[in-house]
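Note sheet for the following structure.
The values are calculated or read from the model by the stated rules, or taken from the named source; none is laboratory data. Note that the coordinates shown come from a computational prediction; the quantities given were computed from them, not determined experimentally. Cβ sites come from the backbone with ideal geometry, for glycine too, and all protein chains shown count toward neighbours. All accessible areas refer to the heavy atoms of the entire protein, side chains included, with ligands and DNA or RNA removed. Shrake-Rupley method; radii C 1.70, N 1.55, O 1.52, S 1.80 Å.
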Amino acid sequence: MKLAKALTSVSLVAVAALTLAACGNANDSKDSSSSKSSSSKVEKKSSSSEKKEETTEAKQTAGGALKDGTYKLEELAYSHGYKVEMSMTVTDGKVSDTTYDYVDKDGKSKQDDKDYESSMKAKSGTGPKEYIPELNDSFKKNGSNVGAIDVVSGATESSQSFKNYAAQLVQAAQAGNTDTIQIHNGDKMKDGTYTLEEKNYSHNYRATFSITVAGGKITESKYDNIDKDGKSKTKDAAYEKSMKKVNGVGPAEYMKKLNEELVKVQNPAEVDAVSGATSSSNSFVLYAQQLINAAQAGNTNKIEIDNIVFAE
């Protein structure tokens, strides 16, 4: 259930997502000051107010349209005897069907592995038989709004990986690229600098992100949000003051903390969300996963995200 190669040749994220409203950048003022994602195996579900918002079809204000076709993704390496296989079908510009599963070398689903189910359920309260269809159903329901996909309690890392892969499928659909996305999840990160940037502005800012890998480890993380003049959100005194007053934290604090945390723990799934900046933290994790995927593939081409932005 580890992460892998990012799709670097397409122009997009959810998000999906992120998160960033599908893969776009969400309003920091919407971040919950009391919510904190867990680096443990258990993640709380979204609040009732968030769920209410998810059930309402959001209006897309930016981001490329999805092109009709079937888009596929597969992991190349088996982890604990299984690898992910995933697909998304787009009809009339909308997600009409999705598939998601972990299969062994014989093509057998992890959902049918009774021993695995029993062992995982005893430890975390859920198993493949529950979380796999739950994630797939959420993807099918939310479509390109990958950020609205709930993290399943007890399957946090698998949920985050799922959202990463869903986002890459959305990116492929925006580009109309039906080549199967191959995830090099078993490969060590190659040394180099890997970059990602959003195309579209949300609340006057878009995300830029880069990681530097040396000796197979992340030695530097640079995540930021910039305006049309290239000015960092961390330098926006008015934004800092406004967000801090509402949520207790501002861009100058949470971006620094997220960057430092990724270098420290190396695994995006173990990066704690910053209290008061949950949505931005989720976006950070999603994009960090894509950059790690690129590093595993050794692909230093810039990842251009035609991020989908939704009206509030």
Mean-position separation - Cα centroids, the stretch 78-150 and the stretch 207-221, in angstrom: 29
field: Principal axes of the stretch 254-312: Cα extent on each, largest first, Å
entry: 34, 33, 17
statement: Excluding ligands, DNA and RNA, the carbon-plus-sulfur percentage of the accessible area of the stretch 113-235 with a 1.4 Å probe reads 43
task: Evaluate the charge dipole of the stretch 219-308 about its Cα centre and quote only its size in Debye, nearest 20, assuming +1 on the Cβ of each Lys and Arg and -1 on the Cβ of each Asp and Glu.
output: 280
Residue-span extension gain [Asp191 to Lys141] - 0.36 nm each, minus C-alpha spacing: 14.2 nm
task: Quick one: accessible surface of Asp137, probe radius 1.4 Å, all protein chains present, in square angstrom to the nearest 10.
output: 90
task: For the stretch 164-312, list log₁₀ I(q)/I(0) at each q in 0.17 Å⁻¹, using the Debye formula over Cα point scatterers of equal strength and ignoring solvent, two decimals each.
output: -1.02
message: For a Förster distance of 22 Å, can you work out the FRET efficiency between the beta-carbons of Glu270 and Lys217, rounded to the nearest 0.05?
response: 0.95
query: Which GluC sites (Glu not before Pro) does the stretch 193-248 hold that lie in a coil by DSSP with at most 13 other beta carbons within 10 Å?
result: none
- request: Leaving ligands, DNA and RNA out of it, work out the accessible area of Asp236 with a 1.4 Å probe and give it in Å² to the nearest 10.
  value: 30
- prompt: How far apart, in nm, are two points set 7 Å out from the Cα along the Cα-to-Cβ line at Glu260 and at Ser96?
  reply: 5.1
